[in-house]
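Report on the following structure.
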Amino acid sequence: MLEIKNIETFYGQSQVLFGIDLKIKQGEFVTLIGRNGMGKTTTINSIMGLVKIKSGKIIFSGNQVQNWPSYKIARKGIGLVPEGRQIFPNLSVYENLEATSSNRHRNNNPWTLKKVLKLFPRLKVRLKNMGNQLSGGEQQMLAIGRALMTNPLLLVLDEATEGLAPLIKNEIWDCLNDLKSSGQSILVVDKNIKALTELADRHYIMEKGRIEWFGDSSAFNSDKEILHRYLGI
């Protein structure tokens, strides 16, 4: 579904990504993890066309998209839940969700307002509230719901549970588990290693703009040296 081949990304004269390779197959749950400042968000932004790569290829659903504008990449089927949520503060919960509603890929069982509210019942009683009147956890639920309303082929979450209360984090992980069970392809950046290893099929570890390790959850959990070296666990 998604294949990144040897991409390099710069901010001005400063190189941030050094030959990143990453693959996600249809229906896979994949993680991108590492300490702060290692290039995870830059990788996400490169995929989404928010930052232009200098070299390499980004292939999504059979198309090379590395030179596409962000809106075309989103329309092709990548739904982003960005770091910091970035919901529309001056729109209501209902308007935030309906603003992105589409079914370009003819999903036979598409995400609708009713389905999103069933997934996140907290939002149902907040439909008329403005985005800036929600708690952090409710904003994250809204950001996920907004991405799902695009009926994405691939759902990308950057810092899925950052700054959320433990109870809300558990709700988000339960949601992601349900999405995985439904066959949704998912790429997640987060720091909750325990939750990620319970849910994800494969993991990529970043260090200083490079992929230093990748493998499945069994190999991940058994390699204590890797966990300590790159994640401080």
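The values are calculated or read from the model by the stated rules, or taken from the named source; none is laboratory data. Please read all numbers here as calculations on a predicted model, not as lab measurements. When we count neighbours, we look across all protein chains shown, and the Cβ atoms used for this are built from the backbone with ideal geometry, even at glycine.
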Looking at region 59-76, is at least one residue loosely packed, with under 14 Cβ neighbours inside 10 Å and part of a helix (DSSP H, G or I)?
yes
What is the one condition in (1) surrounded by fewer than 14 Cβ atoms within 10 Å (Cβ to Cβ); (2) in contact (Cβ under 8 Å) with a residue 24 or more places away in the chain; (3) more than 30 Å from M130 (Cα to Cα) that L32 does not satisfy?
(1)
Hits in region 200-233 (condition: modelled with pLDDT of 90 or more, of a type in the set (A, V, I, L, M, F, W, C) and within 24 Å of C175 (Cβ to Cβ)):
A200
Of (1) under 20 Å from the mean Cα position of the chain (by Cα); (2) under 24 Å from G183 (Cα atoms); (3) not β-branched (V, I, T), K118 satisfies all except one. Which?
(1)
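Those residues that are touching a residue at least 40 places away in the same chain (Cβ under 8 Å) and surrounded by 14 or more Cβ atoms within 10 Å (Cβ to Cβ), I need them from region 20-29; list them, please.
Across region 20-29, the qualifying residues are I20, D21, L22, I24, E28, F29.
Whether any residue in region 124-146 is outside any helix (DSSP H, G or I), under 18 Å from the mean Cα position of the chain (by Cα) and touching a residue at least 12 places away in the same chain (Cβ under 8 Å) is what I want to check.
Kept after step one, since they are outside any helix (DSSP H, G or I), are these residues of region 124-146: 125-130, 134-135.
From what's left, under 18 Å from the mean Cα position of the chain (by Cα): none.
No: zero hits.
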So Q86, is it at pLDDT 95 or above and out of contact with any Asp or Glu (no Cβ under 6 Å at 6 or more places or on another chain):
no
Residue list for region 168-200, filter: over 22 Å from S222 (Cβ atoms), of a type outside the set (G, A, S) and not in a helix (DSSP H, G or I):
Q184, I186, L187, V189
Hits in region 152-167 - residues which are more than 20 Å from I20 (Cβ to Cβ) and either assigned to a helix (DSSP H, G or I) or not hydrophobic (A, V, I, L, M, F, W, C) (or both):
P152, T161, E162, G163, P166, L167
For region 184-195, state whether one or more residues are surrounded by fewer than 22 Cβ atoms within 10 Å (Cβ to Cβ) and modelled with pLDDT of 95 or more.
yes
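Can you go through R106, R85 and tell me which one is within 21 Å of G183 (Cβ to Cβ), assigned to a loop (DSSP other than H, G, I, E, B) and of a type outside the set (A, V, I, L, M, F, W, C)? Show your work before the answer.
Numbers: R85 fails: within 21 Å of G183 (Cβ to Cβ).
Result of the check over R106, R85: R106.
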Any hit, region 163-182, residues being in contact (Cβ under 8 Å) with a residue 40 or more places away in the chain and of a type in the set (G, A, S):
no
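Filter region 125-153 for residues that are of a type in the set (A, V, I, L, M, F, W, C) and over 21 Å from N192 (Cα atoms) and give the result.
Taking region 125-153 as the starting set, the residues that turn out to be of a type in the set (A, V, I, L, M, F, W, C) are 125, 127, 130, 134, 141-144, 147-149, 153.
Within region 125-153, V125, L127, M130, L134, A147, L148, M149, L153 meet the criteria.
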I'm trying to understand the selection: among the residues of region 202-233, which are under 15 Å from the mean Cα position of the chain (by Cα) and of a type in the set (D, E, K, R)?
R202
